[in-house]
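To keep things clear, I will list the structure first and then write my remarks on it.
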Amino acid sequence: MIRAVNIKKSFGGTEVLKGLTTTFEKGKTNLIIGRSGAGKTVLLKLCVGLLAPTSGEIMYGDTNFSQLSKRDMRAIRMEIGMLFQGSALFDSMTVEENIRFPLDMFTNKTKKEKLDRVNYCLERVQLEGNNSKFPGEVSGGMQKRVGIARSIVLEPKYLFCDEPNSGLDPKTSLLIDELIHDITIEQNITTVINTHDMNSVMEIGDNIALLHQGRLAWQGNKDMVMDSDNELLEEFIFASPFLQRLRKAAVGK
Amino acid sequence: MNLNFLYHFGRYLILLRSALTRPEKFSMYWKETMRQMNDIGIGSLVIVGLIAVFIGAVTATQFAYQLQDSFVPAYYIGYIVRDSTIIELAPTITCLVLAGKVGSNIAAEIGGMRQKEHIDAMEIMGVNTASYLILPKVIAAMVVIPMLVCLAAAISIWGGYTASVATGLITDVEYIQGVRSFFEPYYVFMMFVKALVFAYILTSVSAYQGYHVKGGSIELGQASTQAVVYSDILILLSDYVIAIILTM
């Protein structure tokens, strides 16, 4: 479980997060949603230590992550996997080398054991047989899946995904969502996803945090979305007339 | 201006402190160091060789011109080419050129990784990126660049021979006599000291410029240019400081 406690973050004179408190639960896909500029990416970067909070705490279990030295932070980071918006695959390495990189760096496995693990991860993301391709030779959706494979290769306890569906068609988005959700349940990990995608919210939103102007505006799960009276949530989720009509047809509101 | 300098100098020291830590896995660092040695060393052989030939040739030709009709013996041309090459031209000119070739490459490589979030990705994996991305480059350069400088000195002396003997300025016996006269092994020591210091400067300064790059392709280009400019300035400055210290 990860807890963000009274997190504040400022850049220059601008306060992006204004005392945000929320919890990301283990074994669930935790979604951070909100309009552009709400502070989602900043919150995600604070959670993985790429940014330091101005005040407040990021707690991994009982450990105050934001107070750790760089060295101790690295120990926790080895339990973290992250899928970046642009996949962040090393473009001069093949798919196999990309996924193998954390194994090479942090384990003493034999070549065969590493290859087996890489192949397992590739199979898990339905990309078996693509070992020797370079990131530039595969599609955007495949790159995301390679990114997922790389992020789970060390069997992390925490998985962070920054806009995993951006730039993907609806069907591939769904595939990525299902993949992340299945992995979360299979491995009983804490997954945190920063997304704009409303399909993701309704499909895999086990725990959803809506951010608005740097504050937590609503928290709940996908089943609570339809019945919620929260104006900000309604405004965000049912932004288009089409979705408003769908909702009316479903719950009569 | 002064505050800006102090800010960058402080950040440079912090980066170096992070870089000089125990590697996560020695074999990965070793592999990366070997790769860098190949890129810096083998990759720079042609340009270093080419420059060295002309350094020697131009030095020999110009001194031959200056010494004609003087009482200075002709064999002094070989002596002057050897010493000026070993003490100054081989280490300094080679490293100024390498600052352009290797330095800009390092800044662009690390800066590109920063912009494509590769550095963030490695950090989240638990990799000490300052160490993994910078230390192998600095070590590789400090091993390979003195070798390149040594080679440049030898090629330069040969270039001087070719230019002066082949064109009939002096005889080969005179040139070789000059090259073998008044040899001071201490000058070779000076050459290696300069090569080591310059190698360290051009890699660490360029890595610093790339590591902290922000923005897009324009900023990456600027970082690459700044890497070369600052490296060159610091190489010339340290050249003077080393000259003072080692000749005191």
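What to note about this one:
- Residue match in segment B:87-110 (condition: more than 14 Å from chain A (Cβ to nearest Cβ) and among the basic types (Lys, Arg)): yes
- Across segment A:95-109, the qualifying residues are those that are surrounded by 18 or more Cβ atoms within 10 Å (Cβ to Cβ) and not aromatic (Phe, Trp, Tyr), and the one among them that is farthest from A:SER166 (Cα to Cα) is A:MET105.
- Hits in segment B:111-154 - residues which are under 19 Å from B:LEU20 (Cβ atoms), out of contact with any strand residue (DSSP E or B) (no Cβ under 9 Å at 6 or more places or on another chain) and in a loop (DSSP other than H, G, I, E, B): B:VAL127, B:ASN128
- The residues listed here are B:VAL138, B:VAL149, B:VAL144; of these, the one that is in contact (Cβ under 8 Å) with a residue 24 or more places away in the chain, crowded, with 17+ Cβ neighbours inside 10 Å, touching a Ser or Thr at 6+ places or on another chain (Cβ under 6 Å) and more than 30 Å from A:ALA75 (Cα to Cα) is B:VAL149.
- Subset tally (residues that are more than 22 Å from B:GLN115 (Cα to Cα) and either touching a residue at least 60 places away in the same chain (Cβ under 8 Å) or part of a helix (DSSP H, G or I) (or both)) for segment A:63-104: 14
- For segment A:187-204, filtered to residues that are within 22 Å of A:GLY61 (Cα to Cα) and in contact with a helix residue (DSSP H, G or I) (Cβ under 9 Å, 6 or more places away or on another chain), the residue that is surrounded by the most Cβ atoms within 10 Å (Cβ to Cβ) is A:ILE193.
- Filter pass, B:ILE77 being among the β-branched types (Val, Ile, Thr) and within 14 Å of chain A (Cβ to nearest Cβ): no
- Top-ranked residue of segment A:26-55 - restricted to ones that are touching a Phe, Trp or Tyr at 6+ places or on another chain (Cβ under 8 Å) and within 14 Å of chain B (Cβ to nearest Cβ), ranked as surrounded by the fewest Cβ atoms within 10 Å (Cβ to Cβ): A:GLY49
- Qualifying residue in segment B:100-110 (condition: assigned to a helix (DSSP H, G or I), crowded, with 20+ Cβ neighbours inside 10 Å and more than 18 Å from the chain's Cα centre (by Cα)): yes
- Positions within segment B:23-65 being outside any helix (DSSP H, G or I) and free of Cβ contacts under 8 Å to residues at least 60 places away in the same chain, in sequence order: B:LYS25
- Conditions (1) in a loop (DSSP other than H, G, I, E, B); (2) touching a helix residue (DSSP H, G or I) at 6+ places or on another chain (Cβ under 8 Å); (3) modelled with pLDDT under 85; number of the one not met by A:ASP229: (2)
- Qualifying residue in segment A:120-135 (condition: small (Gly, Ala, Ser) and exposed (fewer than 15 other Cβ atoms within 10 Å of the Cβ)): yes
- Scanning segment A:21-42 for residues that are among the polar types (S, T, N, Q) and either at pLDDT 90 or above or part of a strand (DSSP E or B) (or both) returns A:THR21, A:THR22, A:THR23, A:THR29, A:ASN30, A:THR41.
- Residues that are under 21 Å from B:GLY103 (Cα atoms) and either surrounded by 13 or more Cβ atoms within 10 Å (Cβ to Cβ) or more than 24 Å from the chain's Cα centre (by Cα) (or both) were ranked within segment B:11-29; the one that is farthest from the other protein chains (Cβ to nearest Cβ) is B:TYR12.
- Every listed requirement among (1) within 14 Å of chain A (Cβ to nearest Cβ); (2) closer than 24 Å to B:ILE42 by Cβ is met by B:THR129 save one, (2).
- Note on segment A:168-186: residues that are surrounded by fewer than 19 Cβ atoms within 10 Å (Cβ to Cβ), in a helix (DSSP H, G or I) and in contact (Cβ under 8 Å) with a residue 24 or more places away in the chain total 6.
- The set of residues in segment B:214-232 that are among the aliphatic types (A, V, I, L, M) and in contact (Cβ under 8 Å) with a residue 12 or more places away in the chain comprises B:LEU220, B:ALA223, B:ALA227, B:VAL228.
- Among all residues of segment A:208-215, there is at least one that is surrounded by 21 or more Cβ atoms within 10 Å (Cβ to Cβ), more than 16 Å from the chain's Cα centre (by Cα) and closer than 26 Å to A:ARG77 by Cβ.
The values are calculated or read from the model by the stated rules, or taken from the named source; none is laboratory data. Quick caveat: nothing in here was measured; it's all calculated off a predicted structure. Positions of Cβ are backbone-derived with ideal geometry, glycine not excepted, and every protein chain shown enters the neighbour counts.
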